[in-house]
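Here, each number is a calculation from the coordinates, and none is a lab measurement. Here the structure is a predicted model, which means the values were calculated and not measured. Here the Cβ is made from the backbone with ideal geometry for all residues, glycine too, and neighbour counts use every protein chain on show.
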Amino acid sequence: MSRPARPLPTLREALSRVHFRVTLFAVGITGLTVLLSGLAAVGVYARQNLALSAQTASYTVAPAIVFDDAEAARQSIAPLADVDGVAEIAVVDRAGRTLARLSHAAPPHRLSIAGVAEWLFFPHPTVAPVNHNGGVIGEVRVRGDAGIIAGYIGMGLAGTLACMVLTALAAGLLAARLRQSVIAPLGAIAAVAHAVRADRAFDRRAPDAPIREIDALSSDFNALLAELERWQLNLRSENATLSHQATHDALTGLPNRIRFDESLAAMLERAASDGASFAVLYADCNAFKAINDQYGHAAGDAVLVETARRLRAGLRAGDIAARLGGDEFAMLLATPSGPEAVARVRDALRALMAMPIALPSGEEVTMTLTVGAAVYPDDGADVAALVHHADIEMLAAKPTPSATIQKIRRQ
Amino acid sequence: MESGTIVFAVIALAISTLNSDTAPPPTAAEINFAPGNEARAVARIVGGIISYTRWPTQVATLRLCVTGTARHAAQLGDASTTAGRAISVQTIDAGAATTGCDILYIGKLPAPVREQTIRALRGRGVLSIAESDPRCRDGTMVCLRVAGSSATFQLNLDAVSRGTVRIDPRVLLVAAGRAS
C-alpha cells in the first residue's frame, strides 16, 4: 500500500530519460551495425590481401625452390613480408622442408583483441602452391596479421563510445529545449492553478504557449478561470446583498435590531477599554397606530421612512440610527458623547420632527417622538443597565395617547 | 623484340634494386653435392635454367650441344627431369657449326675458337652455357661455377639481352653475383 519514498519524476526527467534511452539504443545499434559490416568488408579485403601476397610470393619464389636456394627464397618473399596485414611468410619445398621464413609479428595473445580477430579471420595460414613445369614443387604459407583489424575494432568501439557520450550531451540539450517549449508553459499553467486554489487569485491568467496543444489547454484554462471569476464576483455581491438584508430594515434602510445590538456591544467594549463615554437613545413614535388606522398602511410606511431619514439627519457620521421594529427606533452616539451630546440630539430631533410629513395621498401629518437616553458609564456599566435606563426614561416621558395626533390638513 | 629487351632490362633492374634493399650479402644459388656428384649438380642447374627459358620457336625436343672439353657434362641428359621437357644431348667438335643446337654447353676451348663460337651465336635463339668462365666476361649467357662441394651459376645480362631466347627475370634472383 505504501508508496515508495522516492519522489515522482518530473516531466523533464521522464522525457530526458526516454530521449537518452532511445538515442543510446539507436547509436548502439548503428555503431554495432557499422562495426560488423565494416569488419566483414575488412575481413574480405584482408583475406584477399593474404591470398594475393601468397600468390605473388609463390610466383617469385619458384626459381629459388628449383635451384634450392634458401637465401634467394628469403629475398623473394622479403618485400611481401613487409606488407601490412602479413605476419609471416614461409616457403616450404616439396619435401616439407622450410626453405625460408620471414615474420615480423609474433602471434598475438589468444585473449587479446588481435588474437580474437586472428582467430575469427585467419584461423589457418593462407596457402598458395608453387608451380613449376606444370607440377607443384612446394608451397607458400602466409599467416595474417590481425593488428589492422584489431585497430579497426578498437577504433569502432571507441567511436561508438564517443558517440554515446555525445548522445548523452545531446539528450541533455534536447531536454533543455523541451523544457523551454513544453514544460515551462505547463509549469506556468500549474502555477496559475495553484495560485487560484491557494490564494483565490481568480484574476491570474496562463500565458500563451509555443505548442498548439498546450496553447489550447492554456486558453481553455483561461476561459474556465474567467467563468470562475465571474461566478466568484456574483457570489460575493449576492453575499453582500444577503448580509445587508440580514442586518438592515427593508423599509427604511436603517440597521435592524441585530445590527444595533452588535454595534452597541462593540461600542461598549471600545468605550470600556478607552475609558470613554457614549450614549444610547430610544425613540418611540407617538400614536403611530392611530395614523395607520386612519390613513392606511401605506401612509404608516411613509411616516416611518421619513422619520428614519430625519433621525439619520440629526446624527453625526459616526453615530448609528436603527429601527428596532414597528415604530421603535434607537440611536447610538459614538464616543466621546456625554449628556450634552444627548441634549443636542434631542433638540435637533425636536426641530426636525416639527416639520409635517407628506403622505402619499397628499395629506400631511406631524409626528412626535418620545425619547429616552442613557449615557455610559454614568447611567449603566453594561448593555442591560443602559437599555433599562433608556427604556425607563422613555416610558416616563410618554404622553397620553389622546394628545398625540394632530391633523394638519386634509385634501 | 627491341621493346621486349628493354622491358626485360627494366624488370631485371627493378628486381636487382629491390634485392639490394634487403641487405644480405650476395650469395649464389648453391647446389650442394657429395664429392664426385658435380655432374648431377650441373645437370640440375642446367635443367632449372632451361625450365625458365623461352625459345623464339617452340620445338618438341630441345637439342643440347656440348662442345670443347667438358668436365661435368656427363649427366646432362638428366637435365630434362628438372627442365620438365625432352632434351637430346649431342657432342659437337670444337669450332663446328652450331646451327642444330638450342642450347650450347661450352667446355674448355682454345680462346680463338671460343670467341668465334660465341660470336657465331649472336642474334640466334641459342642458350649458351660456359662451364669454365668464372668471371663471366666471354659473352655466354650463363656461366657455371663449380668449386669444392657446391655449384652455382651467374648470368651475363649483356649476353642475355643480345640473344633472342628469353630467360625469366625471376632467375636473376637465384643467379650468383646478382647484386654486384
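Rounded to the nearest 500, the helix-only mean residue ellipticity at 222 nm of chain A stands at -20000 deg cm²/dmol, with each DSSP H run of n ≥ 4 adding -39,500 (n - 2.57).
Post the alpha-carbon centroid distance, segment A:228-267 to segment A:134-208, in whole angstrom. First find each Cα centre; the distance between them is then 65 Å. Taken over the alpha carbons of the protein assembly as shown as equal point scatterers, the Debye sum produces base-10 log I(q)/I(0) values at 0.06, 0.08 Å⁻¹ of -0.64, -0.80.
Among residues other than A:Pro339 whose Cβ falls under 14 Å from its Cβ, what is the net charge (Lys/Arg +1, Asp/Glu -1)? Intermediate values should be presented prior to the final figure.
Details: positive: A:Arg344, A:Arg346; negative: A:Glu340, A:Asp347, A:Asp378, A:Asp379, A:Glu393.
Net of charged neighbours comes to -3.
For A:Arg350, what charge total do you get from the other residues with a beta carbon under 14 Å from its beta carbon, if Lys and Arg give +1 and Asp and Glu give -1?
Numbers: positive: A:Arg310, A:Arg344, A:Arg346; negative: A:Asp347.
Spelling it out: positives minus negatives among the neighbours equals +2.
Full extension of the chain between A:Ala168 and A:Thr247 yields a length gain of 21.5 nm, computed as 0.36 nm times the residue separation minus the alpha carbon distance. With θ taken as phi - 60° and the Karplus curve 6.51 cos²θ - 1.76 cosθ + 1.60 applied, the whole-hertz 3J(HN,Hα) list for segment A:116-123 is 5, 4, 5, 4, 6, 9, 10, x Hz, x standing for glycine and proline. Across peptide A:57-67, the average count of Cβ atoms from other chains found within 10 Å of a residue's Cβ is 6. Of the trypsin sites (Lys or Arg not before Pro) in segment B:115-162, the ones in a loop by DSSP (not H, G, I, E or B) with at most 13 other beta carbons within 10 Å are B:Arg122, B:Arg135, B:Arg137.
The Cα center of segment A:285-313 and the Cα center of segment A:1-76 differ in position by 111 Å. If you line up the long axis of helix A:70-81 against the longest principal axis of chain A, both from Cα atoms, how many degrees apart are they, to the nearest 10? Result, in degrees: 20.
Per residue, the Cα convex hull of segment A:253-322 amounts to 94 Å³. Calculated FRET efficiency, A:Ser273 to A:Ser237, Cβ-Cβ distance, R0 = 35 Å: about 0.50 to the nearest 0.05. Seen from A:Phe260, the other residues with C-beta closer than 11 Å to its C-beta sum to a net charge of -1, counting Lys and Arg as +1 and Asp and Glu as -1. Rounded to whole numbers, the Karplus 3J(HN,Hα) couplings from phi for segment A:162-169 are 4, 4, 5, 4, 4, 4, 4, 4 Hz, using 6.51 cos²θ - 1.76 cosθ + 1.60 with θ = phi - 60°, and x at Gly and Pro. In the protein assembly as shown, the DSSP beta bridges split such that about 75 percent are antiparallel, to the nearest 5. Dimensions of segment A:198-242 based on its C-alpha atoms, expressed as ranges along the principal axes with the largest first, amount to 46, 17, 12 Å.
In this rough spin-label picture, where each label sits 7 Å from Cα along the Cβ direction, the A:Asp391-B:Ala74 distance is 17.4 nm. Here is the list for segment A:25-129: trypsin sites (Lys or Arg not before Pro) lying in DSSP coil, each with at most 16 other C-beta atoms within 10 angstrom of its C-beta, are A:Arg94, A:Arg97, A:Arg110. Neighbour counting of Cβ atoms within 10 Å sorts the residues A:Leu11, A:Leu235, fewest neighbours leading, into A:Leu235, A:Leu11. The ranking of B:Glu115, A:Glu213, A:Glu306 from fewest to most other beta carbons within 10 Å of each one's beta carbon is A:Glu213, B:Glu115, A:Glu306. By the rule of a second cysteine Cβ within less than 4.7 angstrom, the protein assembly as shown holds isolated cysteines at A:Cys163, A:Cys285. Counting Cβ atoms of other protein chains within 10 Å of each Cβ in A:361-373 and taking the mean gives 0.
Å³ per residue of the Cα convex hull, for segment A:12-113? Could you put the intermediate results ahead of the total?
Details: hull volume 12.5 nm³, N = 102.
With only Cα atoms used, segment A:12-113 gives 123 Å³ per residue.
Scanning residues 5 or more positions from A:Thr368 or on other chains, those with amide H under 5 Å from its amide H are A:Asn286, with H placed 1.01 Å from N in the peptide plane.
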